[in-house]
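Comments concern the structure below.
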Amino acid sequence: MFYTIRNDIQSVFDRDPAARTWLEVLLCYPGLHAIWGHRLTHWLWTHGAKLLARWLSQIMRSLTGIEIHPGATLGPRFFIDHGMGVVIGETAEIGADVTLYHGVTLGGTSWQKGKRHPTLGNGVVVGAGAKILGPIMIGDNSRIGANAVVVKPVPPESVVVGVPGEIVKRSKPRLPSARADLEHGALPDVIGDSLVALMTRVEQLEAHLSNGHGLKPAPYTPDHGVWVGEDFSI
């Protein structure tokens, strides 16, 4: 038990640069409190005291703003940063060294009993506000961008962005020693990049057909990520 508690606390220091002292972590991290509360309620749930487990989980929900069903399975060194609004469903399964940010939902898409919530592999990072829905697998070391909505399985070593989530396979595996980073600005814009490539191709074709004369450039052409054009009347 003490080994698990020490690992939980160390995971905060490893993944939150704002953490300064052990006492601060013990007193001021609701994600940690919610995880510890779940370890108790999950034990009760698996030993038949389901009503007591649900009641205690609701108390932890009111104290931390984090709802973890006692039937969910959490792996070692799981970390919830900030935590407000996190919801983890009954049949969700979370691997080792997973990180969730606030507003994340691991939800179901069916009223049928049985497996209906996601499974997260080891080392997965889920950005703020992301929704992962249904009995799907998120592969090891994948990263879910902020506010993404994921409804289909994600292979290992992938990045998911957008609504619905678009999967981008990493060209190189993430190093096992790498920490969960916060560089959400570095996530790929798959739709925007595709539109830019398409418009560039269209401009090239127009220039070729007109021999460089008679056609104006496209009205809305991005310049270093900024769209330029006429008055959009907004």
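Rounded to the nearest 0.05, what FRET efficiency is calculated for residue 54 and residue 4 with R0 set to 22 Å and r the Cβ-Cβ distance? After rounding, the FRET efficiency stands at 0.45. Put a dot 7 Å past the Cα of residue 26, heading toward its Cβ, do the same for residue 137, and the two dots end up 4.1 nm apart. Candidates 138, 30, 162 compared by Cα position along the dipole of the stretch 2-186: farthest toward the positive end lies 138, with charges placed on Cβ. Relative protection proxy for 27-33, 2-8, from highest mean packing down: 27-33, 2-8 (other beta-carbon atoms within 10 angstrom).
Taking the fewest neighbouring Cβ atoms within 10 Å as the starting point, the ordered list for 59, 68 is 59, 68.
Determine the dipole magnitude for the stretch 3-147: charges of +1 sit on the beta-carbon of Lys and Arg, -1 on that of Asp and Glu, nothing else is charged, the reference point is the Cα centre, and the result goes in debye to the nearest 20.
Dipole about the Cα centre, nearest 20: 380 debye.
Can you tell me what percent of all Cα-Cα pairs in the stretch 2-186 are more than 30 Å apart?
So the pairs more than 30 Å apart make up 14 percent of the total in the stretch 2-186.
Loop-located trypsin sites (Lys or Arg not before Pro) across the stretch 7-85 with a Cβ neighbour count of 14 or fewer within 10 Å are 20, with loop assigned by DSSP.
Across the stretch 1-79, Cα-Cα pairs more than 19 Å apart make up 37 percent of the total. Amide H to amide H under 5 Å from residue 123: which residues, 5+ apart in sequence or cross-chain, H placed 1.01 Å off N in plane? Here 96, 97, 98, 141 satisfy the definition.
Read-outs: derived from the displayed coordinates by stated rules, not from any lab. All values derive from a computational prediction rather than experimental measurement. Note: ideal-geometry Cβ built from the backbone for every residue, glycine included; neighbour counts use all protein chains shown.
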